[in-house]
Ligand SMILES: [Ca+2]
Ligand SMILES: [Ca+2]
């Protein structure tokens, strides 16, 4: 009986301290920070960010020069342009259906114009109409969106919207896009471990 208790304890410890932390932090999207392809400092290039695709006109990947708006994360961000002609898409696969959290940051060159866009998930608009120039202050705005995704192939599209009037909108900047399962795996494993620990306790009392 004593041997059995020890083995249950070791199982719990392994679950609580082992590999789940790696899985929980895994971003389902690739190149969400737009660091690839790597550009030289101060370069804005009309290239396709690795693992993404431009729908319509190609936008830009920007490695800002010092003194201009810095990337939110890393050295680079993506520029969706200033009209609805630019959309950025990534297709991805979901193995286990459930609730997922999409997070990202947006920004725009500080000016008075809006920089509106929407997020379209598998062909359906999700969330609200975002303004990348919110605050008109050149600061990055944090965005979160909870998505219910079934197993299979999905797509996320950042889709700029036009604004009325003679002036174009500001270019929309996006950085650090992440999609992760909503329930952190360590929490679920901790509960599982606690349940097993409780089982061990019951068995010890019975023994
Ligand atoms: Ca980045
Ligand atoms: Ca802002």
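Details
- Set against the 2.2 N^0.38 Å expectation for a compact globular protein, region 61-191 has a Cα radius of gyration ratio of 1.14.
- Listed peptides 118-124, 74-80 appear in the order 74-80, 118-124 once ranked by packing, highest mean of other Cβ atoms within 10 Å at the front.
- Residue exposure sequence - 86, 72, 173, 92 - by fewest surrounding Cβ within 10 Å: 92, 72, 86, 173
Computed from the coordinates by the stated procedures, all read-outs in this text should not be read as laboratory data. Values in this document were obtained by computation on a predicted structure and should not be read as measured data. Glycine gets a Cβ as well: all are built from the backbone with ideal geometry, and neighbour counts include every protein chain shown.
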